[in-house]
């Protein structure tokens, strides 16, 4: 949503008045606004792509839908249910052999701690690729690269505390996507977390 659109919507929410497209007649707005996003609002606000005043007009009741990774952690059987449902939706029937194949590919290529950055949409894409190509590699490479760098630096005995925190904060940020969540986990100030993540790009 562009900034200009946000300004127009903010004006409607504040004044409760709007004019339909192609008309200059004023109408009273009596509706309620429900907004949803699959992106990090905090990051959009930091980049000034989402206005603070507009955010505070919308955030009176916020519902955070847990990520697929969190849902699987809380209930591991949910992944099996979603795989079976997606296979049936694609093929039109309960293809037990394909369900087993999808599970085998996920376990082999992604592992049980894969963070599913694309959530349910990524899982659906994963199932489609396995059905067609019998393969899916996910987006685990970035996380694995950071882990490999961490272990290499620790093994070399040259990793200082600042660099260690920078790598760890970056790993958490890739998983949870917000500075606030990383700050809660590490018990660091949000600005400190941001500083460490920016520092990791120089390592």
Peptides ranked, highest mean first, by Cβ atoms within 10 Å: ranges 178-188, 2-12: 178-188, 2-12
How do 126, 62 rank when sorted from fewest to most other Cβ atoms within 10 Å of their own Cβ? 62, 126
Region 3-58, Kirkwood Rh and Cα Rg, ratio Rg/Rh at 1.03
Among [x] 1.08; [y] 0.96; [z] 1.20, only one was calculated for this model; which label is it, if the read-out is Rg/Rh (Cα atoms, Kirkwood Rh)? [x]
Counting pairs of alpha carbon atoms under 8 Å apart in space and at least six apart in sequence, what relative contact order in percent does region 3-58 give? 38
For region 68-133, the Debye formula with one identical point scatterer on each Cα and no solvent gives log10 I(q)/I(0) at q = 0.16 Å⁻¹ as -0.46
What is the chain's relative contact order, in percent, from Cα pairs under 8 angstrom and six or more apart in sequence? 14
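All of the numbers you see were taken from the coordinates with simple rules; none came from a lab. Everything quoted here is computed from the prediction, not taken from an experiment. Cβ sites come from the backbone with ideal geometry, for glycine too, and all protein chains shown count toward neighbours.
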